[in-house]
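The values are calculated or read from the model by the stated rules, or taken from the named source; none is laboratory data. Everything numeric here is computed off the predicted structure, so don't read it as measured data. With ideal geometry, Cβ positions are generated from the backbone for all residues, glycine too; neighbour counts draw on all protein chains shown. The accessibility values were calculated without ligands, DNA or RNA, using every heavy atom of the protein model including side chains. Shrake-Rupley method; radii C 1.70, N 1.55, O 1.52, S 1.80 Å.
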Amino acid sequence: MSEERITVTYLTQAKDLSKKAEAIAVGMTVGSWTDLPAAKQAELRPYLGEAVKAEPLEQLGNGETRGLITVSYPVRNFTPDIPSLLTGVFGKLSMDGRIKLVDIQFPPSFFTAFPGPKYGIDGIRERLGVFDRPLLMSIFKACLGLPFDDLKTQFRAQAEGGVDLVKDDEIFFADDRAPFLERIRAFRQIARETQEKTGKPVLYAANLTGPVHELNDRAKRAVEAGADCLLFNVLAYGFDALHRLAADPDVTVPLMAHPALAGAFYPSPDYGIAAPLLLGKLTRLAGADLVLFPSPYGSVAMEKAEALQLAGNLTSTDIGLKRSFPVPSAGIHPGLVPQLYADFGNDQVVNAGGGIHGHPGGAAAGGQAFVAAIAAAVAGKPLAEAAESSEPLAAALAKWGGGR
Ligand code: 1AE
């Protein structure tokens, strides 16, 4: 049996951090240790957690120390899935006072049990034929309750604006006015027509919804109808639902993870699961090809160091899984593109809803403004200069400001 271990870091506080690490190592594995007879200890030792490290960060007024503790767990304690992992390292513990799950280090043998992203950054770039710049995605604003024809008009305008992808809103579940398979077929046709005019393909990410036991079947039907990509609310459904979609050989389209509900997990300094682990490592491990998360400067901001670490966890090359596209989102407008480019580089998707549909010239002009801003950022040209030859960009900068 493998002796490899999963190493877990927690941020917590206690009178004695080392003792707390030891209590977790035993409590989250064999339950009790020193009271066990020697024969039982020998039998259970292969399953025992181990306190690895305690790093004090801050002395608190109540006599406790706040700091990081590291505990390792034998790989044999887990089945190769994220529900087993999260329950085994943080299940009951997540309710036991001030404690936050900060990071998990996996041995290579654990990674090999997961498919990871089927396409990843390289596969999506291949599909679009775009290799030398960030991609651009537009979000329907809104979808819910709108007549199908309005959505078709919106789709056409977004595609004509030059975006690479168009995604549904994450809240688009009640879609009886524009049913899932029908809109996949309709938008595919519009994408074809637009490509004939512009020469550019555009991928549509349809929101995969429905009861969890029907998801794979619905995803396969979407693929048969010509879907390009599927948007998935991974935290509402659970990581294992994404894992099973990614592992399904018939689901032959990229999967895009939306961070809906993530605010219930990561923002507290004392509780929950840190964003780089939650939306970075785990979402990639479960198989997301693209991962949305709040950018550090938009309307739903995430702390910059966290956002950069999260993106790093999606794109690291040392774990044998394909790289997932970081999609820093929320409140993005063309004036933010140079900052996005400086922070996240070429391998990101610039994603905007309001920043495209709110353009004074409409959604097509909104897309064109972003296209010009991305080209300028890649060329190292100030946006103000690029705006001299792009009316849509000039109008966007006049409305939202920004650029450098
Ligand atoms: C972090 C998620 C962002 C998102 O889902 C969304 O709809 C953003 O829209 P805008 O770009 O802020 O209008």
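If R0 is 30 Å, what FRET efficiency do you get for MET95 and ALA247 from their C-beta distance, rounded to 0.05?
Numbers: r = 30 Å, r/R0 = 1.01.
In this case the efficiency is close to 0.50.
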Calculated from backbone phi, Karplus (6.51, -1.76, 1.60) coupling profile of segment 203-213 in Hz, x at Gly/Pro: 9, 10, 9, 8, 6, 7, 10, x, x, 4, 6
Residue by residue through segment 369-377, the couplings from Karplus 6.51 cos²θ - 1.76 cosθ + 1.60 with θ = phi - 60°, in Hz, x for Gly and Pro, are 4, 5, 4, 5, 5, 5, 4, 5, 4
Would you look at the GNM of the chain, springs on alpha carbons closer than 10 Å, and say which of LEU282, LEU231, LEU36 moves the most? LEU36
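Of all accessible surface on segment 5-113 at a 1.4 Å probe, what whole percent is carbon and sulfur? The partial results should precede the final answer.
On the way: 2940 of 5390 Å².
Within segment 5-113, the accessible surface is 55 percent carbon and sulfur.
R0 = 30 Å: FRET efficiency of LEU146 with ALA301, Cβ-based, nearest 0.05?
Numbers: r = 29 Å, r/R0 = 0.96.
The formula returns an efficiency of 0.55 here.
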Using alpha carbons only, how many angstrom separate the centre of segment 188-228 from the centre of segment 261-298? 25
The long-range amide H neighbours of ALA205, using H built 1.01 Å from N in the peptide plane and a cut-off of under 5 Å, are VAL166, LYS167, ASP168
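Per residue, how much accessible area does segment 120-400 show when a 1.4 Å probe rolls over the protein heavy atoms, in square angstrom? Please list the in-between numbers first.
Working: 10210 Å² over 281 residues.
I get 36 Å² per residue for segment 120-400.
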Using only the alpha-carbon atoms, how far is helix 391-400 inclined from the longest principal axis of the chain? Give it as 0 to 90 degrees, nearest 10. 50
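How high is the relative contact order of segment 106-218, in percent, counting Cα pairs under 8 Å that sit 6 or more residues apart?
25
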Helix 180-198: inclination vs the chain longest Cα principal axis, degrees, rounded to 10, gives 50
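With +1 on each Lys and Arg Cβ and -1 on each Asp and Glu Cβ, and nothing else charged, work out how big the dipole of segment 5-113 is about its Cα centre, in Debye to the nearest 20. Working shown, then result.
On the way: 12 positive and 11 negative charges, 10 e Å.
Computed about the Cα centre, the dipole is about 40 debye.
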Hey, what angle do you get for helix 304-315 against the long axis of the chain, alpha-carbon based, 0 to 90 degrees rounded to 10? 90
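Which order do you get for ASP250, ASP132 if you rank them by accessible area with a 1.4 Å probe, largest at the top? The partial results should precede the final answer.
On the way: ASP250 85, ASP132 105 Å².
So the residues, ranked largest to smallest area, are ASP132, ASP250.
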Using θ = phi - 60° and Karplus 6.51 cos²θ - 1.76 cosθ + 1.60, couplings along segment 73-87 (whole Hz; Gly, Pro as x): 10, x, 4, 5, 6, 10, 8, x, 7, 6, x, 5, 4, 5, 5
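State to the nearest 20 debye the size of the charge dipole of the chain about its Cα centre, where the only charges are +1 on K and R beta carbons and -1 on D and E beta carbons.
Computed about the Cα centre, the dipole is about 80 debye.
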